[in-house]
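Taking it in order: structure first as structure tokens, then the write-up.
Readers should treat all values here as calculations from the given coordinates under stated rules, not as data from a laboratory. Predicted model only: the values in this text are computed from it and were never measured. Counting neighbours? That spans all protein chains shown, and the Cβs are built from the backbone with ideal geometry, glycine included.
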Amino acid sequence: MYRLLITVIGIYLLYRVLRWAMTALGSGAAGPTIDRGSGSTSINEMVKDPVCGTYVLARDSIHVRTRGQTYYFCSDECRKRFLSS
Ligand SMILES: [Zn+2]
């Protein structure tokens, strides 16, 4: 009876270790990675509205993906003005 219990616990621990190893290998590194200067805009980054020149937080802005680039706008009005130009 106890042998079975020990076997079950052993398998469970092995499973946990394997899962941990898979997660560590799968994500490349444990924990969040800080990506600097890769060209991608993070959601907490300040971006310039090309229409009025206002700096807006990418997360709160209205963005448009066009011609392979992403543009950020402070308001829907700026977005419309940009698209009509
Ligand atoms: Zn604007």
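By counting other Cβ atoms within 10 Å of each Cβ, how are 85, 61, 75 ranked from fewest to most?
85, 75, 61
Which ³J(HN,Hα) values, rounded to whole Hz and listed in residue order, are derived for the stretch 56-61 from phi using the Karplus coefficients 6.51, -1.76 and 1.60 in 6.51 cos²θ - 1.76 cosθ + 1.60 with θ = phi - 60°, glycine and proline given as x?
With coefficients 6.51, -1.76 and 1.60, one gets 10, 6, 3, 4, 9, 8 Hz.
With θ set to phi - 60°, apply the Karplus curve 6.51 cos²θ - 1.76 cosθ + 1.60 along the stretch 13-25 and write out the HN-Hα couplings as whole Hz, x wherever there is a Gly or Pro.
Result, ordered by residue: 5, 4, 4, 4, 5, 5, 4, 4, 5, 5, 5, 5, 6 Hz.
Over the stretch 37-76, what is the relative contact order in percent, taking alpha-carbon pairs closer than 8 angstrom and at least six residues apart?
35
Given H placed 1.01 Å from N in the peptide plane, which residues other than close sequence neighbours of residue 57 have an amide H under 5 Å from its amide H?
Amide H neighbours of residue 57: 47.
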